[in-house]
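K.L.:
I am attaching a structure below and will ask some questions about it afterwards.
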Amino acid sequence: MFSIVVTLVALSISVLLTAFMIHYGGRRGWVVIPRKDRWSSRVVAQFGGIPILLAFFVATLCFAESRFAISIVALSLAMGVLGLVDDLRGLTPLIKLLVQAGIAAAAIAAGAIVPLTAHYAINIAFSLVWIVGITNAVNLMDNMDGLAAGVSVVSLVAMLCLFYGNGGLTLALLAMLGAILGFLAFNFHPAKIFMGDVGSLAIGFFLAVASTHLSQYTFTRSAALFVPLLILFTPVFDTTLVSVTRRLSGRAISHGSKDHLSHRMVFLGFSERQSVLMIYGIAATACLLAYFLQRPYRGLSVLALAVFFVVAVCFWTYLATVRLPKDWLSAVRARNFRTAAKLIITSRSVFSDLAISTLGFLFAFTLSPVHLGGRFGSRTFVVSLAAAILLVAFFAIFGAYRRDWKPSRLWDLFPVVIGFAATAVVFVALAVATQTVSQLPSLLAGVISSFGFVVFGRLSHHLLDMVFLRGDAPVLAAVDHRQEDAAVALAANQDALAQGASQIPVVSFEHLQLVCEHNRVRRVELLPRCPHEEAGKFAAFCSQKGIPLVSEPSTNQISTGAY
């Protein structure tokens, strides 16, 4: 009952203050003006993070349960002040990073340390990197209506389910949950207010510190790593995606652009609301895995964790290959780096196989009754990585990388099969030579599990094409944004946007213009009941571009579905 009171107090204060900020901020000109490097195209009130922090501060101060909680609230407010100064004045990335590191160091001194290893110095260094990294990751994820706030709600609920009553942070977690929920009511699409850096930096810092401190209540050191990672998986995934792709293309990581996870999903055809809800689902799935890691279902948890990360690697590489419009991206600055990056880009097949096969060996070695090292740890990881390197070497020898990583026919998988067979032979020879035959089942289990993961990984792009691009129809070709010379057939009107189509992407007039700029469009078809004014716009556009327009497509090629 007391927990509900704390949440309701924070929720009520947040709702009232956010509504006031929308009204008063609009009159004072506290609004976000649309910019080329930002997603929103509307004038929206800003500083929504202030009501969140005030509601969080009041609720936590009234019901504080520990000195640690009070310290973290104070440091979160300090991080919010840094964000507010950045919103008002604009700070350089270096200054922000230094101040964030100082505030993170204060949190570590208060006791927020991940018990990752037996070495205290390593734990402190990792905790500092984690807190600063997650703080900025949540800040970067605030790029679409309701996204950062909703993902934060999912993470807070997961922490409460996993660690309720532990660490002296329960009431603070409830207060932050209520404060963000009150704001989210006004921030979900179409948003009436944005939180700004004053909100995203403070929320990211609180989540990072809470996950760091609560990791001390996990059962194992491996859980101390994976539980926080899963709870905050989507911010880590998104930040890694934009950081790597920006750097490889010679663009500054700190310069904003429309290349985040949410933007790529919208470009692939989903609506803004659908993209945000799907990311909520990804976050919830990761948090559910974190919950099972804390429960006595070891075999099922390890299997689910391995499969989840394999799917995540495949999904990450798929999104990284999506070719976004140039006007969505920031300017290229490090041109010399782009030349060096070509080697990394061409080697992405090797890196993908290495990551996926390492996960396969880790899964087998962790579950095996005679697994290496007695439990999951550094030795198990090193042996798994060495086995994966051996496997990838055999792939290269037998020509697996002379073909496209995404197989187009069954024969393309033959070098992969030969590579796994050669690896198994080497393992048998080593086991016999070193008289460690008792560990041979673990090694062979690793080969089998890695084989399944690698084959799935190489077929995953076909599966993801079916999800995002809806496959090929006899007449209507699916749009493939990763090919420069893509054949596109599009259908568009407001009815179709509402009901979707299962075999062709359904887009608005604005999206059609965007796609035509970056793809070779062979044909545009309007679905039935297209309004006359809309049809006129499409006819004029297609006539200008010289694109054939069909106003009444055959109904057997179009069916309803969520797209």
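K.L.:
Based on other C-beta atoms within 10 Å, arrange 261, 140 from fewest to most. List each step's numbers first, then the result.
P.N.:
Values: 261 26, 140 21.
With the sparsest Cβ surroundings first, the list reads 140, 261.
K.L.:
Return the long-range amide H neighbours of residue 45 (sequence gap of 5 or more, or a different chain), with a cut-off of under 5 Å between placed amide H atoms.
P.N.:
32, 194
K.L.:
If you build the convex hull over the alpha carbons only and average its shadow over all orientations, what do you get for the stretch 178-297? Give it in nm² to one decimal. Show your work: numbers first, answer last.
P.N.:
Values: hull surface 37.3 nm².
Taking a quarter of the hull surface, the average projection is 9.3 nm².
K.L.:
Could I ask something else about it? Measure off 7 Å from each Cα along the Cα-to-Cβ vector at residue 390 and residue 36, then give the distance between these two points in nanometres to one decimal.
P.N.:
5.4 nm
K.L.:
Under the Kirkwood approximation applied to all pairs of distinct alpha-carbon atoms, what is the hydrodynamic radius of the stretch 2-336 in Å? It would help to have the intermediate numbers written out before the result.
P.N.:
Working: mean 1/r = 0.0497 Å⁻¹.
Across the stretch 2-336, the inverse of the average 1/r is 20.1 Å.
K.L.:
Rounded, prolate or oblate: which one fits the stretch 19-99, using the alpha carbon gyration tensor with axes a ≥ b ≥ c (rounded when a/c is under 1.5, else prolate when a/b beats b/c, else oblate)?
P.N.:
On the way: a/c = 3.07, a/b = 1.46, b/c = 2.11.
It is oblate, given that a/c is not under 1.5 and a/b is not larger than b/c.
K.L.:
Fewest first, what order do 321, 434 take by the number of other Cβ atoms within 10 Å? Mind dumping the intermediate values first?
P.N.:
Working: 321 14, 434 9.
Ranking 321, 434 by Cβ neighbours within 10 Å, fewest first, gives 434, 321.
K.L.:
Kindly put 130, 30 in sequence by how many other C-beta atoms sit within 10 Å of each C-beta, fewest to most. Please report the intermediate quantities before stating the final value.
P.N.:
Values: 130 26, 30 18.
Placing the least packed residue first, the sequence is 30, 130.
K.L.:
Once the Cα gyration tensor of the stretch 195-263 is found, what semi-axes does its equivalent ellipsoid get, as square roots of 5 times the eigenvalues, in whole Å, sorted largest first?
P.N.:
Numbers: eigenvalues 148, 51, 16 Å².
Each semi-axis is √(5λ); the values are 27, 16, 9 Å.
Computed from the coordinates by the stated procedures, all read-outs in this text should not be read as laboratory data. All figures in this text were calculated on a predicted structure; none of them were measured in a lab. Because the Cβ atoms are built from the backbone with ideal geometry, glycine has one as well, and the counts that use them run over all protein chains shown.
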